[in-house]
Amino acid sequence: MKIKEEMKGDVLVIAFSGKVIGGPELVEVKETFQRAVDQGCMKVLLDLGKVSWMDSSGLGVIVSGHTTLSRAGGALKILNATKKIQELFIITKLITIFETYTDEQEALDSFGA
Amino acid sequence: MSFPSDASVLEPVQQIIEAIGRSADVEEDELSSLSVAVVELVKNAMEHGNQNDPDKMVKVSFNIFPNRIRFMIDDEGTWEPEKALGFNPGEGDELLSTRGRGILIARNLAKWVEFGLTPEGRTRVTLIWPLT
């Protein structure tokens, strides 16, 4: 799995690509969310469009990121969840927790000024 | 096939399960769902059956029948899914748990997931994947 970070306005866009499978690399993902909060970035958009495979471990770190940001007064939103990832969000009812978008500009605008 | 209880084997396991599915003519679009379901059960076997001890093995066996694939995942422990987890990750405050969704996902993606015991009394999970 690869992680790419990019600031777009005041929103940090984090893009995962490849396989999000259990293992030590997920610790790095958790640290990415915590680092965003530590740097005062409370608006994070997670782009999952290039994720080829993900299981419950991936969901776990996304929930962890949501909790980290929410507790700090921020928000984590989801962009481009694939059909398979969307299915996992529905099975686990996480679809009721996260705002999901398919259009990046719409997602960025949703954070407000 | 036997694998040590180490997260580093999960990606090879995922690839092997998809290769098995492909050889049984599982539709390409369904291969990742199949591998997610089996990998979730392998991870549970590693964690709950083997306490993530790399010296303990998880055995994955399979049979391809005309209308289904049967996977059996055996570990070296004796555990029950409800007791191992102790909560329902899909409900209420537990919705935001960072763990505990593996069996829920496997049971929803596969058509049949059943917990039982091997002849030696160890935990065995059987997963049935229908072939259309």
(message) Being hydrophobic (A, V, I, L, M, F, W, C), at the interface with chain A (Cβ under 9 Å from one of its Cβ atoms) and surrounded by 24 or more Cβ atoms within 10 Å (Cβ to Cβ) is the requirement here; does B:Val39 meet it?
(response) yes
(message) Go through (1) in contact with a helix residue (DSSP H, G or I) (Cβ under 9 Å, 6 or more places away or on another chain); (2) at the interface with another protein chain (Cβ under 10 Å from one of its Cβ atoms); (3) without any contact (Cβ under 8 Å) to a residue 40 or more places away in the chain for B:Arg22 and report which single condition fails.
(response) (2)
(message) For segment A:82-111, give me each residue that is within 14 Å of another protein chain (Cβ to nearest Cβ) and assigned to a loop (DSSP other than H, G, I, E, B).
(response) A:Thr82, A:Thr92, A:Lys93, A:Ile97, A:Phe98
(message) Residues that are over 15 Å from the mean Cα position of the chain (by Cα), more than 16 Å from A:Ile91 (Cβ to Cβ), away from every other protein chain (no Cβ under 14 Å) and assigned to a helix (DSSP H, G or I): does segment B:65-74 have at least one?
(response) no
(request) Select from segment A:29-50 the residues that are touching a residue at least 24 places away in the same chain (Cβ under 8 Å), more than 14 Å from every other protein chain (Cβ to nearest Cβ) and either assigned to a loop (DSSP other than H, G, I, E, B) or surrounded by fewer than 20 Cβ atoms within 10 Å (Cβ to Cβ) (or both) and list them in ascending order. (result) A:Thr32, A:Val37, A:Cys41, A:Met42, A:Gly49, A:Lys50
(request) Just one of (1) surrounded by 20 or more Cβ atoms within 10 Å (Cβ to Cβ); (2) more than 9 Å from chain A (Cβ to nearest Cβ) trips up B:Leu104, so point out which. (result) (2)
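Values quoted throughout were computed directly from the atomic coordinates according to the rules given, and no laboratory measurement underlies them. Small disclaimer: the values here were computed from a predicted structure and weren't measured. Positions of Cβ are generated from backbone atoms using ideal geometry, with glycine treated the same way; all protein chains shown enter the neighbour counts.
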